[in-house]
1. Got a sec? Which of K81, K143 is crowded, with 21+ Cβ neighbours inside 10 Å and charged (D, E, K, R)?
2. Mind listing whichever residues of the stretch 81-96 are among the polar types (S, T, N, Q) and either within 13 Å of the chain's Cα centre (by Cα) or farther than 25 Å from M20 by Cβ (or both)?
3. All but one of (1) under 20 Å from M173 (Cβ atoms); (2) surrounded by 15 or more Cβ atoms within 10 Å (Cβ to Cβ); (3) without any contact (Cβ under 8 Å) to a residue 60 or more places away in the chain hold for R41; state the number of the condition that does not hold.
4. Among the residues of the stretch 14-21, is there at least one that is of a type in the set (S, T, Y), surrounded by 15 or more Cβ atoms within 10 Å (Cβ to Cβ) and out of contact with any Phe, Trp or Tyr (no Cβ under 6 Å at 6 or more places or on another chain)?
5. Would you mind telling me which numbered condition in (1) touching a Leu at 6+ places or on another chain (Cβ under 6 Å); (2) of a type outside the set (A, V, I, L, M); (3) modelled with pLDDT under 95 S168 fails?
6. Which one is nearest to the chain's Cα centre (by Cα), of the residues in the stretch 97-152 that are part of a loop (DSSP other than H, G, I, E, B) and in contact (Cβ under 8 Å) with a residue 60 or more places away in the chain?
7. Any idea which of G137, G149, G130, G112 is surrounded by 22 or more Cβ atoms within 10 Å (Cβ to Cβ), modelled with pLDDT of 95 or more and on the phi > 0 side of the Ramachandran plot?
Amino acid sequence: MKTALLIIDIQNDYFEKGSMTLVGSDKASNNAKLILERFRRESLPIIHIQHIANSPKAIFFLPDTKGAEIHHNVKPTGKEKIIVKHYPNSFRETELLDYLKGEKITDLVICGMMTHMCVDATARAAKDFGFTIILIGDACATKDLEINGQRVSAEEVQNSFLAALNYSYTTVMFTNDYLKEN
């Protein structure tokens, strides 16, 4: 059993004054930082996922912009792996699966943004590839959504996606509990 931390898309555009501000991004990134610090202290593998938009219609994570940069709370060190992706699923058309297999990683601790999109897509794919996953729920953030003219609050979106992922794809934990138990 070998565990790695997977930090998904904690990038500047998701914060205040960014192009796609999320609800709770500061709190989530501070919690992700605590998990990251633990992995660093224990010299465990850390993988940063960075989304770079490649669609001409994209409004955030544009190439070579401050918004696409990884947020300072979880800024990678020189020895931490960075994988660039262009789709919500961090495995799609990236080296992620080969890298994890090459490092003999069996378990993932996942945190990041947006819960309802990239975190969800990546966690589900990881489970389908056979990984055991702990998702740090309060180290993830999302936004209000809308369907059929009805607003769904970020809190409802967050809780719904965490509950769905906790059902059979991941074990959802919160930062303090994870740090106490692991």
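1. K143
2. Scanning the stretch 81-96 gives N89, S90.
3. The one condition R41 does not meet is (2).
4. Within the stretch 14-21, one or more residues are of a type in the set (S, T, Y), surrounded by 15 or more Cβ atoms within 10 Å (Cβ to Cβ) and out of contact with any Phe, Trp or Tyr (no Cβ under 6 Å at 6 or more places or on another chain).
5. Just one mismatch for S168, condition (1).
6. M114
7. Every option except G112 fails the conditions.
To keep it simple, each residue is scored yes or no on (1) over 21 Å from I10 (Cα atoms); (2) in contact with a helix residue (DSSP H, G or I) (Cβ under 6 Å, 6 or more places away or on another chain); (3) among the aromatic types (F, W, Y).
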{"position": "D107", "(1), (2), (3)": "no, no, no"}
{"position": "G112", "(1), (2), (3)": "no, yes, no"}
{"position": "H116", "(1), (2), (3)": "no, yes, no"}
{"position": "L145", "(1), (2), (3)": "no, yes, no"}
{"position": "N148", "(1), (2), (3)": "yes, no, no"}
{"position": "L165", "(1), (2), (3)": "no, yes, no"}
{"position": "S168", "(1), (2), (3)": "yes, no, no"}
{"position": "V172", "(1), (2), (3)": "no, yes, no"}
{"position": "K180", "(1), (2), (3)": "yes, no, no"}
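The values are calculated or read from the model by the stated rules, or taken from the named source; none is laboratory data. Just so it is clear, the structure is predicted and the values come from calculations on it, not from any experiment. All Cβ positions, even for glycine, are placed from backbone atoms using ideal geometry, and neighbour counts span all protein chains on display.
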